[in-house]
């Protein structure tokens, strides 16, 4: 039977690159698909569904509250908007114009990355502190973070990155909280280990953002925000469709009668980050599955596939094979470092030949400019490691050109 991809003329691929968005993230388990299908059969008041989902997120992460976003980037955007606007509907209405508002986010120079575009989209200026060292390293002194905080500081960003010389989250949080400034943690790809679901909140983060479509294996267009109750409330008010009358608004007692707000905000910056009932239901089903998963068994399966690939490619000429086993129960990976001069082609050629061949195979390209390609077993389905090894052997032995 023809699949939807067949009908669209789109080739499917074998993913040996990990849960990157451009390869479709991860594959959703059956219980997640069933939850999404069931959610699609009924109407629901989305704020009720988000509040119920938030309780599950809070329970799992140890945070005060939680929210389902439309991916980690959307989560970062919403988290930043909450730090800027709080519960002020006038500010919500103006974003991304932050004139007269707190419109700076402090970040260590060694933590800058392209993903903070989502933060800048709120109308934020990134204030860098510290120094850059050799690649993958930086040097920041705690006093530099403190000196950068002023009346314009909306938040301090502390992404989960393996950058040597940066001030750790606990110390960043202590500094920021002395000035009543919240800390946002970008933990999009910080799973596994599963313990990280609670770690960053425990270390002082005010809001932590995880991808829902990577290790958790929820919908690709989903994310998790775990954080302070007041900030999550601001997120909800800026994200949900507020095309309502004050007299019929769901939160009229909580926000209007109490005097917290003058009226419901309408279509704030978070409107572009809306999440469907199907994604909310699927994300929560995936999260519940993830926390009870046998992670040791899963890691054992990854090691078996990685070991098979490493052993099967070990004898190739002009290729050094390294099985990398990270700490903290992360995913093992196979590094293939090529002698490009001796082979007569580059790692980039290998990447393209695998993508252009049959079957189509994606591999990690993060070190391609250094002559290394990476194989990540967490997205390799059972039996596909044999196909990957055979295809790589053909390409690296120069038996095929595409």
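Values in this text are rule-based calculations from the coordinates and carry no lab data. As the structure is a computational prediction, the values presented were derived from the model and not from experiment. Every residue, glycine as well, gets a Cβ built from its backbone with ideal geometry; the counts of neighbours run over all protein chains shown.
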Cα extents of the range 13-105 along the three principal axes, largest first (Å):
49, 34, 27
Roughly speaking, what is the centre-to-centre gap between the range 134-176 and the range 1-65 when only Cα atoms are used, to the nearest Å?
33
Suppose we keep just the DSSP beta bridges with both residues in the chain; what percent of those would be antiparallel, to 5?
55
With all distinct Cα pairs included, what does the Kirkwood hydrodynamic radius of the chain come out to in Å, to one decimal, could you say?
22.8
For the range 317-383, just the Cα set please: Rg and Dmax, both in angstrom.
12.6, 38
Output the Kirkwood hydrodynamic radius of the range 344-402, Cα pairs only, in Å rounded to one decimal.
11.7
Order of 349, 116, 6 from fewest to most other C-beta atoms within 10 Å?
6, 349, 116
Helix 277-291 vs. the chain, principal-axis angle (Cα, 0 to 90°, nearest 10):
60
Which residue, 74, 165, 54, tops the fluctuation ranking in a GNM of the chain built on C-alpha contacts under 10 Å?
165
Computed label-point distance, nm, for sites residue 370 and residue 34 using a 7 Å Cα→Cβ extension
4.4
Between the modelled labels at residue 241 and residue 125 (7 Å from Cα along Cα→Cβ) the distance in nm is 3.8
Counting pairs of alpha carbon atoms under 8 Å apart in space and at least six apart in sequence, what relative contact order in percent does the chain give?
21
If each of residue 51 and residue 177 carries a label point 7 Å out from its Cα toward its Cβ, how far apart are those two points in nm?
2.8
Please give the helix 169-178 orientation as an angle from the longest Cα principal axis of the chain, in degrees from 0 to 90, rounded to the nearest 10.
20
Ranking 233, 217 by Cβ neighbours within 10 Å, fewest first, what do you get?
233, 217
Efficiency by 1/(1 + (r/R0)^6): what FRET value for residue 13 and residue 393, r their Cβ-Cβ distance, R0 = 22 Å, to the nearest 0.05?
0.75
If packing is taken as the mean number of other Cβ atoms within 10 Å per residue, what is the order of 354-361, 138-145, highest first?
138-145, 354-361
The residues 42, 258, 26, 337, sorted from fewest to most surrounding Cβ atoms within 10 Å, come out as 42, 258, 337, 26
In percent, how large is the relative contact order of the range 75-156, given Cα pairs closer than 8 Å and 6 or more residues apart?
36
So if I restrict to the alpha-carbon atoms in the range 249-329, what is the Rg, and what is Dmax, the biggest pairwise distance, in Å?
24.9, 75
Cα extents of the range 228-284 along the three principal axes, largest first (Å):
35, 25, 19
Helix 384-396 vs. the chain, principal-axis angle (Cα, 0 to 90°, nearest 10):
60
Residue-normalised 222 nm signal for the chain, counting each DSSP H run of n ≥ 4 as -39,500 (n - 2.57), nearest 500 deg cm²/dmol, is -11000 deg cm²/dmol
Treating each Cα of the range 253-402 as an identical point scatterer and ignoring solvent, apply the Debye formula and state log10 I(q)/I(0) at q = 0.15, 0.17, 0.21 Å⁻¹.
-0.84, -0.98, -1.26
